[in-house]
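What follows is a single structure, written as structure tokens, with notes after it.
The values are calculated or read from the model by the stated rules, or taken from the named source; none is laboratory data. Bear in mind that the values here come from a model prediction, so they are computed numbers and not experimental data. Note that each Cβ is placed from the backbone with ideal geometry, even for glycine, and that neighbours are counted across all protein chains shown. Please note that ligands, DNA and RNA were not included when accessible areas were found on the heavy atoms of the full protein model with its side chains. Shrake-Rupley method; radii C 1.70, N 1.55, O 1.52, S 1.80 Å.
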Amino acid sequence: MPLFDALLPWLLIIFTGIILLLINPQPSQAVGLGLVYVIFALFVLGYDRVRQRLRKQVDELRSLSVMSQTMRANLEFDSLLNMIYLQVNHLLDADNFLVALYNQQRLEYPIVVERGQQLERPPFSADSNTLIHHVLKTQEPLLISSDVAGYAYGLKVAAPDKVESWMGVPLLASGRLLGAMSVGSTDLGKQFTPDSLRLLNIVAANASVAIENAQFYEQQRTRVTQLATLNQVIALLTGTLSFDAVLDTVISSASTISDSTAVTVYLFWDEGKSSLALVRSAGLSDKFQNDPPDPLLAADWQESNQQSPLAVSDVREEPRAAAVRNLMIR
């Protein structure tokens, strides 16, 4: 299109000159009339293009304004992500879309769209080195107009499959990196431009604020639910003297509060607190219950002589979990 725009005035001059020479054989009159017609044609074409460009910008601004207001008012996480995708697709006509978000230092992919179809999970593992990981690392926007595979190869990262043009931007709010968002086009005739990146940056800025609000709302809602559950647990525990009933309450409540799939309760059986025994569990196999390992807390207490809580975010990376890593992964 830029080459066509540059050649258009000369094509008009040549075409108009030929027509006028056929009508009027005198060259001087034909050239004069030709120039008049060309100037008039260029004026009409220029005016029309400026009008179309302004109309497009107004439509984009209107769409972005509506999107910004709607996103910030939407606190339902899944609905918010779908809305962001629809707006990005409307503005950029991108058939590939991905959002990566950090959840307690773990990277998750709440929405993945390939060729217009939403997937349950990304077509790569969470620890893969991809273009979206490069954007997360640099925290800078990235535009690859063409030859995505070659560009990715230069960065020594994996390229998305059959994507001809790609953009990625970080999601930042309150000085904190929330994640990143990327779009891709599988159409050879559709290449993203710096103007496309500008629009995606605007969407990302509004989306970051909306996502942060939705995450905060979800956290507060979870805390309210947990507090209500804790109040119920306290009432149940103080209302019974039955040992089995207490253990059952602890197991069920711990699972609900922590949103876990397995719970164990160990108790010391001697006054010196040197012998631990598994007294109740849920969500674990018979093999585990028949031969349970010592909990990590026991080793932590023996080393530091301090009775403090222990949280392991990732058993694969936590050094203190090395002794039971394989068992915990199974």
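Quick check on the range 161-168. Is at least one of its residues hydroxyl-bearing (Ser, Thr, Tyr) and closer than 14 Å to ALA100 by Cα?
At the first step, the residues of the range 161-168 found to be hydroxyl-bearing (Ser, Thr, Tyr) are 165.
Restricting the remaining residues to those that are closer than 14 Å to ALA100 by Cα gives none.
Within the range 161-168 (the criterion being hydroxyl-bearing (Ser, Thr, Tyr) and closer than 14 Å to ALA100 by Cα), the answer is no, since none of the residues qualifies.
I'm trying to understand the selection: among the residues of the range 268-283, which are open to solvent by less than 60 Å² (accessible area, probe 1.4 Å) and among the hydrophobic types (A, V, I, L, M, F, W, C)?
LEU276, ALA277, LEU278, VAL279, ALA282
Scan the range 143-154 for residues that are outside any loop (DSSP other than H, G, I, E, B) and either open to solvent by 60 Å² or more (accessible area, probe 1.4 Å) or out of contact with any Leu (no Cβ under 7 Å at 6 or more places or on another chain) (or both) and report the count. Full working, then the answer.
Of all residues in the range 143-154, those outside any loop (DSSP other than H, G, I, E, B) come to 143-144, 148-154.
When the remaining residues are screened for being either open to solvent by 60 Å² or more (accessible area, probe 1.4 Å) or out of contact with any Leu (no Cβ under 7 Å at 6 or more places or on another chain) (or both), the result is 144, 148-151, 153-154.
The qualifying residues number 7.
Name the one entry in GLU212, GLU218 that is part of a helix (DSSP H, G or I) and open to solvent by less than 70 Å² (accessible area, probe 1.4 Å).
Going through GLU212, GLU218 in turn, the sole match is GLU212.
Out of curiosity, is LEU237 surrounded by 11 or more Cβ atoms within 10 Å (Cβ to Cβ), touching a helix residue (DSSP H, G or I) at 6+ places or on another chain (Cβ under 8 Å) and either in a helix (DSSP H, G or I) or modelled with pLDDT of 85 or more (or both)?
Answer is yes for this residue.
Among the residues of the range 113-142, which ones are assigned to a loop (DSSP other than H, G, I, E, B) and among the hydrophobic types (A, V, I, L, M, F, W, C)?
Result: PHE124, ALA126.
Considering only the range 111-118, I want to know if a residue exists there that is open to solvent by 10 Å² or more (accessible area, probe 1.4 Å), of a type in the set (Lys, Arg) and without any contact (Cβ under 8 Å) to a residue 40 or more places away in the chain.
Narrowing the range 111-118 to residues open to solvent by 10 Å² or more (accessible area, probe 1.4 Å): 114-118.
Retained after the next criterion (residues that are of a type in the set (Lys, Arg)): 115.
If we keep only those that are without any contact (Cβ under 8 Å) to a residue 40 or more places away in the chain too, we end up with none.
Scanning the range 111-118 turns up no residue that is open to solvent by 10 Å² or more (accessible area, probe 1.4 Å), of a type in the set (Lys, Arg) and without any contact (Cβ under 8 Å) to a residue 40 or more places away in the chain.
Here is a list of conditions, (1) of a type outside the set (Val, Ile, Thr); (2) in a loop (DSSP other than H, G, I, E, B); (3) more than 30 Å from GLU76 (Cβ to Cβ); (4) free of Cβ contacts under 8 Å to residues at least 24 places away in the same chain, and SER260 meets all of them except one; can you say which number that is?
Condition not satisfied by SER260: (3).
Here are some residues: ASP286, ASP300, ASP291. Which one is open to solvent by less than 40 Å² (accessible area, probe 1.4 Å) and either modelled with pLDDT under 80 or more than 22 Å from GLN105 (Cβ to Cβ) (or both)? So that I can check it myself, show each step before the final result.
Values: ASP286 fails: open to solvent by less than 40 Å² (accessible area, probe 1.4 Å); ASP291 fails: open to solvent by less than 40 Å² (accessible area, probe 1.4 Å).
The match here is ASP300.
Go through the range 182-201 and give me each residue that's assigned to a helix (DSSP H, G or I) and surrounded by fewer than 17 Cβ atoms within 10 Å (Cβ to Cβ).
Residues of the range 182-201 assigned to a helix (DSSP H, G or I): 194-201.
PRO194, ASP195, ARG198, ASN201 - these are the residues of the range 182-201 that are assigned to a helix (DSSP H, G or I) and surrounded by fewer than 17 Cβ atoms within 10 Å (Cβ to Cβ).
Could you check GLY179 against (1) of a type outside the set (A, V, I, L, M, F, W, C); (2) open to solvent by 50 Å² or more (accessible area, probe 1.4 Å); (3) in contact with a Phe, Trp or Tyr (Cβ under 6 Å, 6 or more places away or on another chain) and say which number it fails?
Condition (2) is where GLY179 drops out.
Residues of the range 162-176 being under 18 Å from the mean Cα position of the chain (by Cα) and open to solvent by 60 Å² or more (accessible area, probe 1.4 Å), which ones?
Result: LEU172, SER174, GLY175, ARG176.
Taking only pairs six or more apart or across chains, which ones have beta-carbon atoms under 7 Å, a first residue in the range 306-324 that is farther than 23 Å from ASP291 by Cα and open to solvent by 100 Å² or more (accessible area, probe 1.4 Å), and a second residue that is in a loop (DSSP other than H, G, I, E, B) and of a type outside the set (Phe, Trp, Tyr)?
Pairs that qualify, where the first residue is farther than 23 Å from ASP291 by Cα and open to solvent by 100 Å² or more (accessible area, probe 1.4 Å) and the partner is in a loop (DSSP other than H, G, I, E, B) and of a type outside the set (Phe, Trp, Tyr), are SER313/GLN104; SER313/GLN105.
Those residues that are more than 19 Å from MET328 (Cβ to Cβ) and aliphatic (A, V, I, L, M), I need them from the range 247-264; list them, please.
Within the range 247-264, the first condition is being more than 19 Å from MET328 (Cβ to Cβ), and the residues that meet it are 247-250, 252-253, 256-257.
Those that are more than 19 Å from MET328 (Cβ to Cβ) and aliphatic (A, V, I, L, M): LEU247, VAL250, ILE257.
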